[in-house]
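Visitor: Quick one: the structure is below, and I'll ask about it shortly.
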Amino acid sequence: MTEEEYLAAYDPRAFPAVAVTVDVVALTIRDGALHVLLVRRGGPPFEGAWALPGGFVQPDEDLRAAAARELLEETGVTTLGRFHLEQLASYGAPDRDPRMRVVSVAHLAFAPDLPDPAAGSDAREAAWVPVDALGLPDAAGSRDRPVRQRPGTSRRLAFDHARILADGLERARGKLEYTPLATRFTGPEFTIAELRAVYEAVWGDSLHAGNFHRKVLSVPGFVESTGATTERGGTRGGPRSKLYRAGDARLLHPALLRPSREEAVR
């Protein structure tokens with residue numbers, strides 16, 4: 001049998017139906033705190049519950065395009081070009097969706113200074129929600145186990161989105177250790193203090209200003225000076241701060257480890 005004959009006789013209905021969706025963990029920093037973009041579902045299943053933006057992949061699109069489309073359709077966020085967008089992981093537990101067997105390919109996205117979202121046709125409401133308000137455990141733990149939100153948390157997440165969000169947060173926190181992606185949370189020019197604020201918001205740890213400044217400048221290619229300074233000094237009338245831009249490094253060596261991990265490797 002030739003390949004053409006095989007394909008002509010092939011019947012996909014001979015196999016169980018499996019749908020593919022995308023879900024997006026979209027992060028930004030607002031008022032000094034890490035926020036995630038959530039939508040309130042407008043219909044069943046889990047009507048009225050909060051969820052990550054997402055939906056079914058169309059037959060004519062790839063996964064990245066589907067993630068970008070769902071982020072736009074369900075939230076009205078039109079600044080997709082400003083997002084760092086990458087594939088996070090796949091989730092395919094047989095009972096993760098009550099409608100049918102659904103495999104979700106989750107994506108991680110983050111960008112600075114994003115506007116308030118506007119819910120699309122598939123969502124009743126969309127909002128940037130502080131990550132700390134969702135009652136997630138401090139560590140994601142094994143992917144074989146579900147993630148439980150703490151009792152009393154007002155925004156309960158639908159499906160297995162607590163698991164996906166926990167994994168996305170761990171990925172973002174880890175990438176800030178080994179890559180320069182923290183600069184994607186800032187503007188084109190930034191001070192070291194503004195960069196430190198990104199690390200503190202994403203990691204949830206306070207960092208020593210002097211040590212952080214020294215570590216950042218010791219990593220080749222992480223940041224480079226613009227030769228300019230801020231227009232005014234600090235709140236106490238101190239000297240103006242130097243401005244930096246992202247350098248050309250793809251990986252940070254030495255890495256900027258989280259305080260807990262730094263202590264563990266000593």
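Visitor: Ignoring everything except DSSP H segments at least 4 long, calculate the 222 nm mean residue ellipticity for the chain; use -39,500 (n - 2.57) per segment, divide by total residues, nearest 500.
Guide: Estimated from H runs of four or more residues: -7500 deg cm²/dmol.
Visitor: Per Stokes-Einstein, at 25 °C and 0.890 mPa s, what whole-number D in µm² s⁻¹ belongs to the chain, with the Kirkwood radius over Cα pairs as the hydrodynamic radius?
Guide: The estimated diffusion coefficient comes to 120 µm²/s.
Visitor: Once the Cα atoms of helix 209-218 and of the chain are each reduced to a long axis, what angle between those two axes, in degrees from 0 to 90 to the nearest 10, is obtained?
Guide: Roughly 80 degrees between the two axes.
Visitor: Let me ask something additional. How high is the relative contact order of the chain, in percent, counting Cα pairs under 8 Å that sit 6 or more residues apart?
Guide: 17
Visitor: Skip the ligands, DNA and RNA, and give the accessible area per residue of the chain with a 1.4 Å probe, whole Å².
Guide: For the chain, the solvent-accessible area averages 55 Å² per residue.
Visitor: Going highest first, how would you order 134-140, 105-111 by mean Cβ packing within 10 Å?
Guide: Most protected by this proxy first, the peptides run 105-111, 134-140.
Visitor: Now for a different question. Quickly work out the ARG155-to-LEU7 label distance, labels modelled 7 Å from Cα along the C-beta direction, and quote it in nm with one decimal.
Guide: 4.6
Visitor: Where the accessible area of the chain is counted over protein heavy atoms with a 1.4 Å probe, how much of it, in %, is carbon and sulfur?
Guide: 50
Visitor: Using the Cα centre of the chain as the reference point, and only Cβ charges (+1 on K/R, -1 on D/E), how large is the resulting charge dipole? Debye, rounded to the nearest 20.
Guide: My answer is approximately 1280 debye.
Visitor: Ranked from highest to lowest mean number of other Cβ atoms within 10 Å per residue, what is the order of the peptides 88-94, 26-32, 12-18?
Guide: Highest mean packing first, the order is 26-32, 88-94, 12-18.
Visitor: Same structure again: In percent, how large is the relative contact order of region 7-124, given Cα pairs closer than 8 Å and 6 or more residues apart?
Guide: Dividing the mean separation by the residue count of region 7-124 yields 35 percent.
Visitor: Right, here's the next one. Starting from the Cα gyration tensor of region 1-104, multiply each eigenvalue by 5, take the square root, and state the resulting semi-axes largest first in whole Å.
Guide: Ellipsoid semi-axes (Å, largest first): 33, 18, 11.
Visitor: What share of the DSSP beta bridges in the chain is antiparallel, in percent to the nearest 5?
Guide: 75
Visitor: Taking Cα atoms, how many degrees apart are the long axis of helix 161-178 and the longest axis of the chain, rounded to 10 and kept between 0 and 90?
Guide: 40
Visitor: Can you put ARG214, ARG41, ARG155 in order of accessible area, largest first, using a 1.4 Å probe?
Guide: Accessible-area ranking of ARG214, ARG41, ARG155, largest first: ARG214, ARG155, ARG41.
Visitor: Right, another one. Working from the pairwise distances between different alpha carbons, so that the mean of 1/r is found and then inverted, what is region 60-212's Kirkwood radius in Å?
Guide: Kirkwood hydrodynamic radius for region 60-212: 17.3 Å.
Visitor: For ALA193 and VAL20, what does the FRET efficiency come to when R0 = 51 Å and r is the distance between their Cβ atoms, rounded to the nearest 0.05?
Guide: Once the sixth-power term is evaluated, E becomes 0.75.
Visitor: How large is Rg over Rh for region 109-161, taking Rg from the Cα atoms and Rh as the Kirkwood inverse mean of 1/r across Cα pairs?
Guide: For region 109-161, the value is 1.00.
Visitor: What number, in percent, do you get for the relative contact order of region 1-69 if the mean sequence gap of Cα pairs under 8 Å and at least 6 apart is divided by its residue count?
Guide: Taking the mean separation of contacting Cα pairs over the length of region 1-69, I get 29 percent.
Visitor: Please identify the GluC sites (Glu not before Pro) of region 18-122 that satisfy two criteria: DSSP loop assignment and at most 16 other Cβ atoms within 10 Å. Which are they?
Guide: GLU47, GLU61
The values are calculated or read from the model by the stated rules, or taken from the named source; none is laboratory data. Source: prediction; values computed, not measured. Cβ atoms come from the backbone with ideal geometry, glycine included; neighbour counts cover every protein chain shown. Side chains are part of the model used for accessible areas, which takes the heavy atoms of the whole protein and leaves out ligands, DNA and RNA. Shrake-Rupley method; radii C 1.70, N 1.55, O 1.52, S 1.80 Å.
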